[in-house]
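Note sheet for the following structure.
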Amino acid sequence: MLSLKSVKWVVLLGVLLCLSCSARGEQKNIRFLEKSVRGNEQGLFLDAVVALRLSSEAEKALKSGVPLVWVMTVRVWRQREILWNKKIAEVICRYQISYHALMDVYRVTNEQNGTEKKFTSLQAALNEMGVLNNIFIMADRLVVNKKQYIIGVLFALDKERLPLPLRPVAYYDSEWMLTSQWNLWSFQK
């Protein structure tokens, strides 16, 4: 019979194994190649280029007719010296990629504005989804001069939008760990 101490070691080893699998999945499938914020009289806008690559399981599901929804989350915090940073804006954008076997095309849909584009190759569709231009973050009046700000961007597969039978697998299988790490950078107006 296992002692309590050996059970703790087994649990700790299992947690470390899960964390290492999820970290591996994050870094190899989604990477930010470029990101910048620009401001004008209307507000702050994000431009980014994200390199997306599907795992073999996600690609198999896509080709079987399962649409994949991707979520880009952008957050802006104002840095403060005494208290923790204050979140002043959050923007969530969703993009869906689907495959139509009869036409042999991939369709990318921007769920915010409803635009749709079709592609003959998966890589071309992923490249289109990874080019993010003119994403409105917040109005310029919310940005105070001479203050330091932090912007964070996260790009991830929305597992809640997968079909119900596939969700448990997606939460625990490393092949479905399709998320970037938070990409943070600071700016000052």
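Kindly evaluate Arg107 against the criterion of being of a type in the set (Lys, Arg) and closer than 27 Å to Arg38 by Cβ.
No, not satisfied.
Do we have any residue at all in the range 140-160 that's farther than 17 Å from Arg75 by Cβ, of a type in the set (Phe, Trp, Tyr) and part of a strand (DSSP E or B)?
Checking the range 140-160: not a single residue is farther than 17 Å from Arg75 by Cβ, of a type in the set (Phe, Trp, Tyr) and part of a strand (DSSP E or B).
Could you look through the range 43-88, keep only residues that are assigned to a strand (DSSP E or B) and of a type in the set (Phe, Trp, Tyr), and pick out the one that is farthest from Val108 (Cα to Cα)?
The residue in question is Trp77.
Given the criteria exposed (fewer than 14 other Cβ atoms within 10 Å of the Cβ) and among the aliphatic types (A, V, I, L, M), does Ala101 qualify? I'd like the intermediate steps shown before the answer.
Details: exposed (fewer than 14 other Cβ atoms within 10 Å of the Cβ): yes; among the aliphatic types (A, V, I, L, M): yes.
Considered against the rule, which asks whether it is exposed (fewer than 14 other Cβ atoms within 10 Å of the Cβ) and among the aliphatic types (A, V, I, L, M), Ala101 comes out as yes.
Tally up the residues in the range 68-90 that are of a type outside the set (Ser, Thr, Tyr) and in contact (Cβ under 8 Å) with a residue 24 or more places away in the chain, please. Steps first, please.
Just the residues of the range 68-90 that are of a type outside the set (Ser, Thr, Tyr), to begin with: 68-72, 74-90.
Checking the rest, the ones that are also in contact (Cβ under 8 Å) with a residue 24 or more places away in the chain come to 68-72, 74-79, 85, 88-89.
Result for the range 68-90: 14.
Search the range 94-120 for residues that are without any contact (Cβ under 8 Å) to a residue 12 or more places away in the chain and pair each with any residue that is among the acidic types (Asp, Glu) when their beta-carbon atoms are under 7 Å apart and the residues are at least 6 apart or on different chains.
What qualifies is Lys117/Glu128.
Residues checked against (1) under 17 Å from Ala156 (Cα atoms); (2) of a type in the set (A, V, I, L, M); (3) modelled with pLDDT of 90 or more:
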residue	(1), (2), (3)
Leu17	no, yes, no
Ser20	no, no, no
Gly25	yes, no, no
Leu52	yes, yes, yes
Leu62	yes, yes, yes
Pro67	yes, no, yes
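Keeping to the range 161-175, report how many residues are surrounded by 14 or more Cβ atoms within 10 Å (Cβ to Cβ) and more than 15 Å from Val66 (Cα to Cα).
Number satisfying all stated conditions: 3.
Collect the residues in the range 104-136 that are closer than 17 Å to Val50 by Cα and exposed (fewer than 11 other Cβ atoms within 10 Å of the Cβ), keeping them in residue-number order.
Those that are closer than 17 Å to Val50 by Cα and exposed (fewer than 11 other Cβ atoms within 10 Å of the Cβ): Asn133, Asn134.
The values are calculated or read from the model by the stated rules, or taken from the named source; none is laboratory data. Fair warning: this is a prediction, and the values are worked out from it, not measured in the lab. No Cβ is skipped: glycine too gets one built from the backbone with ideal geometry, and neighbour counts run over all protein chains shown.
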